[in-house]
Each structure stands twice: as structure tokens, then as C-alpha cells.
Amino acid sequence: MGAAVMECTYDECFNDAECGVGKVCNCRTDGSDVQASRCVTALCRVDADCESGFCGESSSPDGTGKTLWACHSSRDLCVENAQCVTSERSACAYLASERRFRCVFGGVD
């Protein structure tokens, strides 16, 4: 058996107010998550900011691994990554040029 690897991560933020205008704090999922909380681009902060009533997390369509938050709409072709696996695409991402979420391959279309 291999040795356990310990990793320290430092959170950039603990709430949205610490991130400034146009950003939200993308928080760790739980205490064991090695991904630190960090400020990310946000086209919406809460569901009430969206006409559809649904502000959602998006994988980066450019393959950088960055996250952003955007409003879902009736134009979307997906809502979550699980919908993209069957279409041989790996992530549901918001494409600003199309103003909708759709499946992209490997974070890149």
C-alpha cells in the first residue's frame, strides 16, 4: 500500500461578499474536499437573479477548469454534466456566445 498523501489548501473566500462585484465564492463541498473555496465569475449570484429562477454552476467551456455561475433558460440543451455523458460529451457548460448551457467535449467544443 502507498503512503497517504496530505495536502494543504487555503480558501480564498468564505462568502460571496469577500469576492466583489461579478463574482461568487465557490465553496468546498465538505471538509474533506481538497479543492479550496475560491472566487469565480458569476453572471448571477442567486436563483432570484434569473428570469428562469435557476442560477447554476458551469464547467469552463475553454478547458481551463475554471468554474462560473450563469442563469439557466429554456434555450439550454443541458442542466447538469450527467446529461452529457450519453452524447459522448463530458460537461454541461455555459457558452456566453450562445447565451445557453450545452454539452461540450472535455471542456472544449
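Within the range 29-45, residues that are farther than 15 Å from Cys13 by Cα reach partners that are modelled with pLDDT of 80 or more and part of a loop (DSSP other than H, G, I, E, B) with beta carbons closer than 6 Å, at six or more positions or on different chains, in the pairs Cys44/Cys50.
Mind checking whether some residue in the range 67-81 is at pLDDT below 95, under 12 Å from the mean Cα position of the chain (by Cα) and exposed (fewer than 14 other Cβ atoms within 10 Å of the Cβ)? For the range 67-81, residues at pLDDT below 95, under 12 Å from the mean Cα position of the chain (by Cα) and exposed (fewer than 14 other Cβ atoms within 10 Å of the Cβ): present.
The values are calculated or read from the model by the stated rules, or taken from the named source; none is laboratory data. These numbers come from a predicted model, not from an experiment. Note that we place each Cβ from the backbone using ideal geometry, even for glycine, and neighbour counts take in every protein chain shown.
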